[in-house]
1. Just one of Arg72, Arg98 is within 15 Å of the ligand (Cβ to nearest atom) and surrounded by fewer than 20 Cβ atoms within 10 Å (Cβ to Cβ); which is it?
2. Is it true that some residue in segment 262-270 is outside the structural domain of Val471 (by TED's automatic domain parsing) and closer than 13 Å to Tyr169 by Cα?
3. Name the strands (runs of 3 or more DSSP E) wholly inside segment 371-415 in which the number of residues that are touching a helix residue (DSSP H, G or I) at 6+ places or on another chain (Cβ under 7 Å) is 1 or more.
4. Failed condition for Gly356, given (1) surrounded by fewer than 18 Cβ atoms within 10 Å (Cβ to Cβ); (2) more than 30 Å from Ala121 (Cβ to Cβ), with all others met?
5. Suppose we keep only residues that are surrounded by 11 or more Cβ atoms within 10 Å (Cβ to Cβ) and within 14 Å of Asp427 (Cβ to Cβ) within segment 511-542. Which one would you say is modelled with the lowest pLDDT?
6. Among the candidates Ile117, Ile146, single out the residue that is within 16 Å of the ligand (Cβ to nearest atom), more than 16 Å from Gly314 (Cα to Cα) and more than 24 Å from the chain's Cα centre (by Cα).
7. Return the residues of segment 75-88 that are surrounded by fewer than 19 Cβ atoms within 10 Å (Cβ to Cβ), in contact with a strand residue (DSSP E or B) (Cβ under 6 Å, 6 or more places away or on another chain) and in contact (Cβ under 8 Å) with a residue 24 or more places away in the chain; say none if nothing qualifies.
Amino acid sequence: MEQEPIIGIDLGTTNSEVAILEGGRAHVILEDGQALLPSVVGLSDDGQLLVGEAARNQWLLAPQRTLRSVKRRMGEDVKLTMGDQEFSPQEASAMILRELKLRAQKHLGREVSKAVITVPAYFNDAQRQATREAGELAGLEVVRIINEPTAASLTYEANQSESQKILVYDLGGGTFDVSIVQIEKNVVEVLASHGDTHLGGDDFDKLLIDHVADGFKNEHGVDLREDLRANACLWRAVERAKIRLSAEPYARIEEEFIIQKKGKPLHLSIEVSRDEYEGMIRPLIERTMKAVQTSLENAGLQAEQIDRIVLAGGATRTPLVGSELQERTGREPHLEVDPDLCVAMGAAIQAGVIAGADVGAVLVDITPYTFGVSCLGMQNGMPYPHCFSPIIHKNTPLPASRTQAYYTTYDNQERVDIHIYQGDDPDALKNTLIGRFTIEGLSDAPENNPITCGIDLDLDGILKVTAREKVSGLEKHIVIDNAISRFEEEGMSVAAERLKHLFGDTEEKGETTSQDEAVSEEENETTQIRTLLERVRGQLPGFAQENQDDVIALIEDIDDALHKGDLGQAQTKAQELEDILFYLDEA
Ligand code: AMP
């Protein structure tokens, strides 16, 4: 008989999701293309129950008929008023759970009656019991309640046999918590958990709302926050801009006819840069970093003892979160699994295990490489023109699209050379140059004229790099095909080359055709040039500045020629490089 499916549910403060294990893989069930169900319920003006997006949309305009953040009240003996009716927190949560159950039934085409539901690690017995009751009210037998950080780590570690210590940093819309989880022989234990139940992405929204509303008030003498409709409009526009700032260096917040003043309509149009925005939220992120420190101390661990950092919650897409975590712990957080969905997917994995299913690793399409550009920066306390500035980090899910701002370095700068690299070394020259182009004809502007550089990488590994002068909109781009597979092949050929050398002497030699010989001669030559480049890069810091510039220019030319497959040009330039080295050795 076919096993009865068990669904996994992340019942969140802001959003909830349902996931299922199918064919050994966990995936979140979509409805109308949407994975997230806003955890908001409401009654329409004619008394209809609204769950999700519709309820969220009416919240600012009809708060008396709408309930949100019900999760904060779970376990309390209270009645929540919605219109002319009262509900317990369990009942309100049951409305959300029922919607998710229906979503799963529609997807599976059969009745679903069992679920695993996640709760924060800090939930006490009463809160857990209330969650169970909410499930029952929704017609679901809650076969297990599991901790959210445990679920998040299961998406990465379901099949690990070695002991692993994982730091789960979970920043949602309204809550933050950090947990240290240990997985050993399939036993998962939360070693420490710490957090702030009133800190999340909504607080970032509030800071940005105040910034925009204050600016508008200064300009027009009207406070948007005092008008219900204008405030609702502003809130939505700001959240959209905040999300854009995770991928782009600037976001314009624009709403036509947002409010009237003496019968005349006023328009809102304010641009915010990511730098400005990060300045606003930095103190909040700092608070989360202190909690990270405290949880490490409580678990008796140093940051170096952590094997992995897993991000959960939509607000962890804020780039400052990842960069601060990396700076404090020296570990790059894992981004492979969508942070909004990893708790639900972990719940589905746990559900699958309970149902006796075979669990495979959660597979997602990610870029295995970091891509970025070179720019002027500081290296070893000195200005250095080839600092590597990553734009898309490795392990980012695909398709990915990120833009970053750079600035011209002198007045009336007419052109900027964009060099695109793949690699992780802070020194761009130690990474692989994969393309370059020049954007010319920039406006007459003082230094610090912003140029944005965007990288789009799709599932087929096609990389598009666009440079744009912000003031004029002047734009240029290039497309690099096979940005991912090319390196995989290259990585393979390097490995094959190494093995060939290892096996070389003992291998039985067959006849080679002249074409094979030509190819292997080319490969040999290429390997020799690459070895030369490797050696010279190591020697670079020892050269005087003016010599460094010459050497760097040659290295770039050679890299470029190798990438174009122009071995003749690479050999010519390699010869020039050898000549300079000879001269430097003699000097
Ligand atoms: P959650 O409670 O996990 O669903 O997280 C919801 C929070 O994540 C809300 O504050 C969202 O505005 C925020 N969020 C979602 N996507 C992004 C993004 N790309 N960048 C920054 N914040 C985001």
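The values are calculated or read from the model by the stated rules, or taken from the named source; none is laboratory data. Small disclaimer: the values here were computed from a predicted structure and weren't measured. Cβ atoms come from the backbone with ideal geometry, glycine included; neighbour counts cover every protein chain shown.
1. On the way: Arg98 fails: within 15 Å of the ligand (Cβ to nearest atom).
Every option except Arg72 fails the conditions.
2. As a first pass, look at segment 262-270 and keep what is outside the structural domain of Val471 (by TED's automatic domain parsing): 262-270.
Subset that is closer than 13 Å to Tyr169 by Cα: none.
Within segment 262-270 (the criterion being outside the structural domain of Val471 (by TED's automatic domain parsing) and closer than 13 Å to Tyr169 by Cα), the answer is no, since none of the residues qualifies.
3. Numbers: elements: 371-379, 382-392, 400-407.
Those strands (runs of 3 or more DSSP E) span 371-379, 382-392.
4. The one condition Gly356 does not meet is (2).
5. Pro541
6. Details: Ile146 fails: within 16 Å of the ligand (Cβ to nearest atom).
Going through Ile117, Ile146 in turn, the sole match is Ile117.
7. Result: Gly83, single match.
Yes/no per residue for (1) of a type in the set (Ser, Thr, Tyr); (2) touching a strand residue (DSSP E or B) at 6+ places or on another chain (Cβ under 7 Å); (3) surrounded by fewer than 16 Cβ atoms within 10 Å (Cβ to Cβ):
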position	(1), (2), (3)
Asp203	no, no, no
Ile209	no, no, no
Val212	no, yes, no
Lys217	no, no, yes
Pro265	no, yes, yes
Glu276	no, no, yes
Leu284	no, no, no
